[in-house]
1. Scan (1) open to solvent by less than 20 Å² (accessible area, probe 1.4 Å); (2) in contact (Cβ under 8 Å) with a residue 40 or more places away in the chain for the single condition TYR221 breaks and write down its number.
2. Name the one entry in ALA414, ALA384, ALA433 that is within 16 Å of the ligand (Cβ to nearest atom) and touching a Ser or Thr at 6+ places or on another chain (Cβ under 9 Å).
3. Could you name every one of the strands (runs of 3 or more DSSP E) located completely within the stretch 1-57 that has at least 1 residues being closer than 18 Å to LYS252 by Cα and near the ligand (Cβ under 8 Å from one of its atoms)?
4. If I ask for residues that are of a type in the set (A, V, I, L, M, F, W, C), free of Cβ contacts under 8 Å to residues at least 24 places away in the same chain and open to solvent by 30 Å² or more (accessible area, probe 1.4 Å), which ones from the stretch 389-412 would you list?
5. Consider only pairs whose beta carbons are under 8 Å apart and that are at least six residues apart or on different chains; among these, list those whose first residue lies in the stretch 263-279 and is at pLDDT 95 or above and surrounded by fewer than 18 Cβ atoms within 10 Å (Cβ to Cβ) and whose second residue is aliphatic (A, V, I, L, M) and part of a loop (DSSP other than H, G, I, E, B).
6. Of the residues that make up the stretch 460-471, is at least one more than 11 Å from the ligand (Cβ to nearest atom), within 29 Å of ASP278 (Cα to Cα) and among the aliphatic types (A, V, I, L, M)?
7. For the stretch 94-108, does any single residue satisfy the condition of being within 16 Å of the ligand (Cβ to nearest atom) and among the hydroxyl-bearing types (Ser, Thr, Tyr)?
8. From the list LYS252, LYS301, which one is open to solvent by 40 Å² or more (accessible area, probe 1.4 Å) and in contact (Cβ under 8 Å) with a residue 24 or more places away in the chain?
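The values are calculated or read from the model by the stated rules, or taken from the named source; none is laboratory data. It should be emphasised that the depicted structure is a prediction, and the values quoted were computed from it without experimental measurement. Reconstructed Cβ throughout: ideal geometry from the backbone, glycine too, with neighbour counts over all protein chains shown. Note: accessible area is taken over every heavy atom of the protein model, side chains too, but ligands, DNA and RNA are not part of it. Shrake-Rupley method; radii C 1.70, N 1.55, O 1.52, S 1.80 Å.
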Amino acid sequence: MEKQAKQVIVIGSGLAGLAVAIRLALQGKRVTVYEKNAYPGGKLTQRKMGAYTFDAGPSLFTLPHLLIDLFHAAGLRAADYFEFEEIPEAFYYHFSDGSSFYTHKDEMLFRKRLSALFSEKEVATFFKHLSRAKLRYEATAPLFLERSLHEWRTYFSKAVLPAIAKVPRLGLFGRMHTENEALFQDKRLQQYFDRFATYNGSDPYEAPALLNLIPHLEHGYGTFYPKKGMHQITEALFALAQKCGVQFEFNKAVKRILTQDGKAVGIRLMDEQEISSDLVVCNADIRFAYEHLIPEIPAPKAFDRLASSSSAIIFYWGVKRKFPALRLHNLFFTADYKSEFEAIFNGKGYSDDPTIYINIGSKQVISDAPAVGENWFVMVNVAADNGQNWEEIRKSVRTNVIEKMSAILQQDIASLIEEEDFLDPPRIEQRTASIGGGLYGHASNERMAAFWRQANKSNRLKNLYFCGGSVHPGGGIPLCLNSAKITSELIAKYEN
Ligand SMILES: Cc1cc2nc3c(=O)[nH]c(=O)nc-3n(C[C@H](O)[C@H](O)[C@H](O)COP(=O)(O)OP(=O)(O)OC[C@H]3O[C@@H](n4cnc5c(N)ncnc54)[C@H](O)[C@@H]3O)c2cc1C
């Protein structure tokens, strides 16, 4: 008799939820995704206001091949679903002393731009540091980013053994800022490299120096943007999942993962309906999962040692003017980075002089703003919610941001805002069930963070797997896609 395909329930249609559903459907499994929202994508969604369209969450897109890989796995042409382009001049950086530079993917041109601001020695060190980032990335990605860290097999694979041998020299034991401070006398360059810690919600003054590999993603592989905006990533994966036969149930919040004799056996929805399945894959935030979905299983002890990743306050501003000096990504540094991180991770939760990130999607997707306007996504990092008064904080941050940007751009920004909305830690939590509104689950401030993250396969309950930004290998679009791949490979190995 023909063996029945296994029934899999995926909880959550975030990026990793969509990607794992596709991969499991391609393995021949019957997959249904239960999503509490009315729409797919989780953090990667869209917001429309008047004539403006905003990408609500992620704005920086790197390593597009990881996405393309999903279409190829399905035997399809990615370009039929998803178009993107490389952005040669993606970032504008502005420092508190008024100096600024634009990045460029052409190294000669970028070198020239840096040389106008920094000494020859500092510029040489800048590119040496990038070369080291490349070495670090290439040496560690097979171990830390592309495989389960919780399978013995990983440590004996041919691709990984060389990485393990290099670990002592890769910067697992030093700190990110300490290394950058030792390399650069110019504080602006220290700030530039420290900033990459925020790409996974961490503190460069605490995070391991190994995170100095992150700039390689931008400088080595390049910065990209979907032709129709970031939301196209969600749309393309959703379309692909449906094509692969994945079923979706929206507006269906999961209340519990049902367990029996040490196994996950299905789910209970908020309306008490119970649905059984052979396997459950949880894409919801891992701390939420332990608190609400499997409260009978204690969270791993290591979680106590991990800080939450930072959260953010985001203002979506429809601005009725164009700013030709700005680019797709713009960063306006604080005068005092140390105090800003201190405030976020150990203090009141926000800085009075925050580093401000402004993403302007309409620089690429012209139709996302009126002819004389721009869609500003204005973000400052703050602590994850811990009971702070966010309404008050938001007002204070808004005043500071408007004051600072008006001074820098020599324009009264407040009077240009014709559409407005915001996101803050409580709203992020409410919309995506991410505890405290953390953007990336746990921070990577601890040197052992990579090993202490939740494994993709539960070691407490059979038939239960995890994927997404709060589990191995971590947050952000590329790692979420890797997470889905690792999880699907474990399922292929253990559950056929
Ligand atoms: C403001 C912001 C900016 C960011 N910027 C970037 C960036 O520039 N580049 C980058 O790479 N990354 C960025 N990130 C991080 C990136 O968005 C995330 O790492 C990634 O999208 C997380 O995907 P995920 O698969 O973990 O799921 P999530 O997006 O967290 O989605 C989880 C899904 O599960 C659903 N769910 C939860 N609980 C239940 C339940 N009980 N029942 C049913 N459904 C449930 C949720 O509704 C949600 O749809 C940003 C994030 C935010 C919020």
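1. (1)
2. Of the residues listed, the single one that is within 16 Å of the ligand (Cβ to nearest atom) and touching a Ser or Thr at 6+ places or on another chain (Cβ under 9 Å) is ALA384.
3. Those strands (runs of 3 or more DSSP E) span 7-11, 30-34.
4. The one that is of a type in the set (A, V, I, L, M, F, W, C), free of Cβ contacts under 8 Å to residues at least 24 places away in the same chain and open to solvent by 30 Å² or more (accessible area, probe 1.4 Å): ALA407.
5. LYS263/LEU461; LEU269/ALA253; MET270/ALA253
6. Yes - at least one qualifying residue is present in the stretch 460-471.
7. Scanning the stretch 94-108 turns up at least one residue that is within 16 Å of the ligand (Cβ to nearest atom) and among the hydroxyl-bearing types (Ser, Thr, Tyr).
8. It is LYS252.
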